[in-house]
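The values are calculated or read from the model by the stated rules, or taken from the named source; none is laboratory data. This is a predicted model, so every value here is computed, not measured. In this analysis, Cβ positions are derived from the backbone assuming ideal geometry, glycine residues included, and neighbour counts consider all displayed protein chains. Calculation scope for accessible area: heavy atoms of the full protein, side chains included, ligands and nucleic acids excluded. Shrake-Rupley method; radii C 1.70, N 1.55, O 1.52, S 1.80 Å.
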Amino acid sequence: MKRLLRISAYLLASLSLLILLGCITAGVGYFVLAPSLPSVKTLKDVDFHEPLRIFTADGALIAAYGVKKRLPVQYGDLPQDLINAVIAAEDQRFFKHPGVDYQGILRAIWYLVRTGEKGPGGSTITMQVARNFFLSRERSFIRKAKEILLALRIDRELSKQEILELYLNKIYLGHHAYGVGAAAEIYYGKSPSALTVAQLAMIAGLPKAPSAFNPITDENRALIRRSYVLGRMRAMGFLDEARYRQAMAAPITAKLHGADYAVEARYLAEMVRAVVTERFGEEAAYSKGYRVYTTVQSKPQKIALRALRKALYQYDERHGYRGAVDHIALGKAWVPPNWRERLAGYPEVADLHNALVLEVDKSGVKLVSEGRAEPWQLSWDGVRWAIRNRHSNPDERLAVATGVLKRGDVIRFRATEAGPRLAEVPEVQGALVSIAPSDGHIIALVGGYDFGLSKFNRVTQAQRQPGSSFKPFIYSAALHAGFTPATLINDAPVVFKDAALEDTWRPQNYSGRFFGPTRLREALVHSRNLVSIRVLQQIGIASTIKYLQRFGFRPEQFPHNLSLALGSANVTLLELARGYTVFANGGFRIRPHFIQRIVDDNGHVLFEAHPVVVCSECSEPQSRPPTNAAATVLGSRTDPAPRAISAANAYLLTTMLQDVINRGTGRKALALGRSDLAGKTGTTNDQRDAWFSGFNPALVTTAWVGFDRLQPLGHNETGAKTALPMWMAYMEGILQGVPEQPLAQPPGLVTVRIDSRTGLMTRSDNPDAMFETFRADRLPAREPKTVDSVPGGDRIPQSVQSLF
């Protein structure tokens, strides 16, 4: 008995000594490690790595950039089932222990003693927070000791809810998803609050092994892990039997979801990304959660994209079907059982959809395609353009069609108002930009057919010859030099010998005809090349180039020869559109911009645009030098826009460009039924570029069509035929329901009758009389017995004074 008491005393003393030594060791360890531990207070103001997000002016998401995808969620917005699932899977005593679960640690130690391997149960959610926010991934006793000490501190200074919120927003859950908000979006395309118990259990099971238990990577292992989480939830009383069985029976519905972008504006988004990374650096740009609000509006941007693609499809159809995407041997079954898998190998492009041809018969083309459960028929109206056969006889039509389409062809189609239509990815490209002339903010911008196919931005990066769409600037220079809309210029053959323009240059009008003495207005309305050349010759190349800088162009863009009159300069769409804003706003030079403001993740404004604004009442020196940049991204303060040309010059040019639409090369635009539109077509040599730039007082839009590698668009593919339809489709959509804005005539102009043949003032009984507007100090000479003019008269005949 005494021996037993001695042994017990010895064991008790040994245990007490071990406890004492442990306490001393822990105390020493604490005093050694504590000074090196980071402050837990930083967790109260955590800066989560959030991606850069770009929005339209009305708040629609355009794009997000960042390696880590994170959508922080506040604790109050977390569904209780998610909290329960995470507790069941990761830390069942989370709400009971002080940050370190001693029971769990003892279980882990005992497992290590028994098996010699690291076992479960040692790490709590709080310890994971300590590790994820403060410590490295190094495996050592020192690091583990720091983790325990930090977890105890965190539990003392933060509430359990705060700790859980930090954890659920920080953890990596696979496929670049950091936090449950991003995981819910990536795997299910929803917010956490919209997920089922089965889906929440799937996410809750990911922290242990985000790759191994991932439902995208390995469905079987993911299902096993989900079953474990649901089982723990049932055992802990978080689920009743009915909900548990329902969740266990639920199929795996996870699949990768891209970001839900409300508006397609990827060319603009790339412009914004480049600016933000340059200003803030890549690391900050992609991780600080900056939100950039652009000047682009959702509705105009959508209309612009549709208008561009429609114009390119129309061009493509005019030049014939190039053939199927591919051909697949289908076998005997009319509908192959694996047709979905076979079609999945062909990526969808832009707004086109893939389909597989099953049969071509007299009624049309039988197809199968994703999104439709049963085979369907593409009508002859949808394929007629490709078979180039207008016969109504079904036998003749079928004979032609079977030479173009056959069973097993993989084709593409697009949705139209008239129904599905056979289509293909256009080889030709296009671009469109729309600007507010009042302050230069960009309303819509489409840099090409599809950003995924080509990231080259044809609005800002493509240097192209504008052709005749550049003539208005030459004519403005002429008006500034003393010409009038009625000045006569001879439209006759001309030959130049100039080494810079080849040995001999014989320019011609597009029609190949000559029209003799022509008033300046008529020459612009009908885009007479020879008149434009003679005008430039008379006013001088050097002085014209100097004058053109008023519109924001740079002198190095221009050739120093007479081809400048025909638009041989190299300009971008944005530069050309900016030039036209000067006419639209009454003569002021604005700076195009596309960023409205930048805010951080706390809503603090880091930048806000302050563009120059048109102010016709403000006194502004006309000679202020222009900026070299076509688009100013980050402005400083709001200033009145400098005057570039006189109000009279802008007005007269605008009336001339209105006549281009009323009775000239742009008369197709009359179909829009508006009288406040003005613009100019442009076509370069061999129809390599097709342009239309047009405007009303509130909107300037430039459209372009061409090949990236210079080559002809084809016979008769002019600006009026190829680019104008894009411009019209856009303007029709954006101006629908918008009242017309009549052109206000500035002071100092008078309207008089002139002889349409001579340009001289004439009598009211002259059968060739017409009305023209002039600066009061530049009236033309008078024919005999011509009456006086009336100052301030309107250029519209009905409103001219009765003296005439």
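Taking the Cβ of P725 as the center, what net charge do the other residues with Cβ under 14 Å away carry, scoring Lys and Arg +1 and Asp and Glu -1?
Numbers: positive: R306, R309, K310, R318, R667, K668, K721; negative: D316, E317, E717, E732.
Within the 14 Å Cβ shell, the charges total +3.
Proximity of backbone amide H atoms, modeled 1.01 Å from N, is registered between H441 and A436, H593 at under 5 Å, excluding neighbours fewer than 5 places apart on the same chain. Projection of the Cα convex hull of the range 153-192, averaged over all directions and equal to a quarter of that hull's surface, yields 2.9 nm².
Given the pairs K366/K455; K302/K680; K302/K406; K366/K668; K68/K160; K255/K299, which span a C-alpha to C-alpha distance of over 28 angstrom in this model?
Values: K366/K455 35 Å; K302/K680 24 Å; K302/K406 35 Å; K366/K668 37 Å; K68/K160 26 Å; K255/K299 30 Å.
Pairs exceeding the cut-off: K366/K455; K302/K406; K366/K668; K255/K299.
Which whole-number percent gives the relative contact order of the range 132-254, counting Cα pairs below 8 Å spaced six or more residues apart? In percent, rounded to a whole number, it is 16.
Rounded to whole numbers, the Karplus 3J(HN,Hα) couplings from phi for the range 662-676 are 5, 8, x, 5, x, 5, 4, 5, 4, 4, 6, x, 10, 9, 9 Hz, using 6.51 cos²θ - 1.76 cosθ + 1.60 with θ = phi - 60°, and x at Gly and Pro.
Note on the range 436-577: along the principal axes its Cα atoms extend 50, 36, 28 Å, ordered by decreasing extent. Taking Lys and Arg as +1 and Asp and Glu as -1, the other residues whose beta-carbon sits under 12 Å from that of A415 total +4. Shown here are the Rg and Dmax of the Cα trace of the range 164-213, at 9.7, 25 Å. When the Cα positions of L743, A720, S756 are compared along the charge dipole of the range 700-791, S756 comes out farthest toward the positive end, with charges on each C-beta of Lys, Arg, Asp and Glu.
Rolling a 1.4 Å probe across the protein heavy atoms gives the range 246-317 an accessible surface of 46 Å² per residue.
In cubic angstrom, how much convex hull volume per residue do the alpha carbon atoms of the range 247-300 span? Walk me through the intermediate numbers first.
Working: hull volume 8.2 nm³, N = 54.
Per residue, the Cα convex hull of the range 247-300 comes to 152 Å³.
With a ≥ b ≥ c the root eigenvalues of the C-alpha gyration tensor of the range 183-331, is it rounded (a/c under 1.5), prolate (a/b larger than b/c) or oblate? Verdict is oblate for the range 183-331. Can you tell me how the range 244-348 classifies by the Cα gyration tensor, rounded, prolate or oblate, using a/c under 1.5 as the rounded cut? Oblate.
Only Cα sites of the range 179-249 enter the Debye sum here, all with the same form factor; the resulting log10 I(q)/I(0) across q = 0.24 1/Å is -1.10, listed in q order.
Most tightly packed first, judged by the mean number of other beta-carbon atoms within 10 Å of their residues, the peptides 414-424, 694-704, 459-469 read 694-704, 459-469, 414-424.
Each Cα pair under 8 Å and six or more residues apart adds its separation to the average, and for the range 433-586 the resulting relative contact order is 32 percent.
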